[in-house]
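Reviewing the structure listed below.
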Amino acid sequence: MSTALVQAINVTKNFHGNEVLKGIDLDVEQREVVCLLGPSGSGKTTFLRCINQLETINGGRIWVDGELTGYEDRNGRLHRRTNKDIARQRRQIGMVFQRFNLFPHKTALENVVEAPVHVGGRSKAEANKRGLELLDRVGLSDRCDHYPAQLSGGQQQRVAIARALAMDPKLMLFDEPTSALDPELVGEVLTVMRELAQQGMTMIVVTHEMGFARDVADRVVFMDAGVVVEQGAPTDVIDNPQHERTKTFLSRIR
Ligand code: ADP
């Protein structure tokens, strides 16, 4: 049996007959950091959303921590997990989006403790204590009582990372976490992600930050038009790509 934390086999996904994932195979081992690279529209976000069951796949299978997630079979029959199962499976996964999606009327700390208190059933005192630790971990212990509008984009994204960590996920998914930020704020978010990786978090990161991918990823996966074109160690794929499509993509973003 596979020891992978995420195992995806031949995953397909269509939107209104338009196939955007065309048979994705990907295993992610515990403590592994995988960066997904590829041009806009290649299916990277959709794939992350499938792992988190924000989308139901139309073919293939995805296991997270050995547990099968929902899918639609060839005859269009939905093998959906119960809402309770999906909620439980999602609790193992923290997701960070391009736009930080913080609650605007809640402070940084309130944003972080929302899920542990309301979904995780933790006491407020316990959740606050842990929330403060997490805000400290992302370098924001002095901003606990600030509202999102009082924080820079980089600080908001760091709160979003602390919030995603608050349920003690086994896996973190990052969907272009720095692409909505002003360039001078990108570094502070990447630093937090780098530390998380060093602490052994399993991470799948959609990013255009080649420096981060080269330094932090154990593996990079290049996707184009709904397929994995090539994958391997960052130095191999980024510095010595084998496929024309990878070469073209890398030459454009450099
Ligand atoms: P990437 O993250 O690589 O930029 P996406 O996964 O966002 O790519 O998108 C892949 C393709 O799927 C695009 O053509 C996009 O327009 C399409 N797509 C994504 N989400 C939806 C949706 N909810 N409905 C219809 N089409 C979608």
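Every number in this text was worked out from the coordinates using simple rules, so none of it is lab data. The structure displayed is predicted, hence computed values, not measured ones. Heads up, the Cβs are rebuilt from the backbone with ideal geometry, glycines too, and the neighbour counts pull from every protein chain shown.
Over the chain, with a Gaussian network built from C-alpha contacts below 10 Å, which listed residue (R74, R163, R137) shows the highest mean-square fluctuation?
Comparing R74, R163, R137 in a Gaussian network model of the chain, the most mobile one is R74.
Would you mind checking which residues have amide H under 5 Å from E55's amide H? H placed 1.01 Å from N; only 5 or more apart, or other chain.
The answer is C50.
Could you check which residue among A160, A217, A149 shows the biggest mean-square fluctuation in a GNM of the chain with a 10 Å Cα cutoff?
Among A160, A217, A149, the largest GNM mean-square fluctuation belongs to A149.
Let a ≥ b ≥ c be the square roots of the eigenvalues of the Cα gyration tensor of the chain; is it rounded (a/c under 1.5), or, if not, prolate (a/b larger than b/c) or oblate?
Because a/c hits 1.5 or more and a/b fails to exceed b/c, the chain counts as oblate.
Output the pairs from K13/K106; K13/K84; K22/K106 with a Cα-Cα distance over 31 Å in this structure; if there are none, say none.
Result: K13/K106; K22/K106 exceed 31 Å.
Can you work out the PRE-style zone for R88? Point 7 Å along Cα to Cβ, and I want the residues of the stretch 19-59 with backbone N under 17 Å.
Residues 53 qualify, since their backbone N sits under 17 Å from the label point.
Just need the relative contact order of the stretch 60-133 here, percent rounded to a whole number, with Cα pairs under 8 Å and 6+ apart.
Averaging sequence separation for qualifying contacts and normalising by length gives 15 percent for the stretch 60-133.
Sequence gap at least 6, Cα distance under 8 Å: using those rules, report the relative contact order of the chain to the nearest whole percent.
Averaging sequence separation for qualifying contacts and normalising by length gives 25 percent for the chain.
Residues in the stretch 135-156 near a label at V119, defined as backbone nitrogen under 18 Å from the 7 Å Cα→Cβ point?
Only 135 pass the distance filter.
Tell me the mean residue ellipticity at 222 nm calculated for the chain from its helices only (DSSP H runs of n ≥ 4, each -39500 (n - 2.57), averaged over every residue, nearest 500).
Computed ellipticity for the chain at 222 nm equals -11000 deg cm²/dmol.
Between K44, K106, K84, find the one with the highest GNM mean-square fluctuation for the chain; connect C-alpha pairs within less than 10 Å.
With Cα springs under 10 Å in the chain, the top fluctuation among K44, K106, K84 is at K84.
Which residue, A217, Q231, Q242, has the largest displacement toward the positive end of the dipole of the stretch 207-254 when charges sit on each Cβ (Lys, Arg +1; Asp, Glu -1)?
Value computed over the given set: Q242.
Note down the magnitude of the dipole of the chain about its Cα centre, charges +1 on Lys and Arg C-beta and -1 on Asp and Glu C-beta and zero elsewhere, to the nearest 20 debye.
That gives a dipole near 760 debye.
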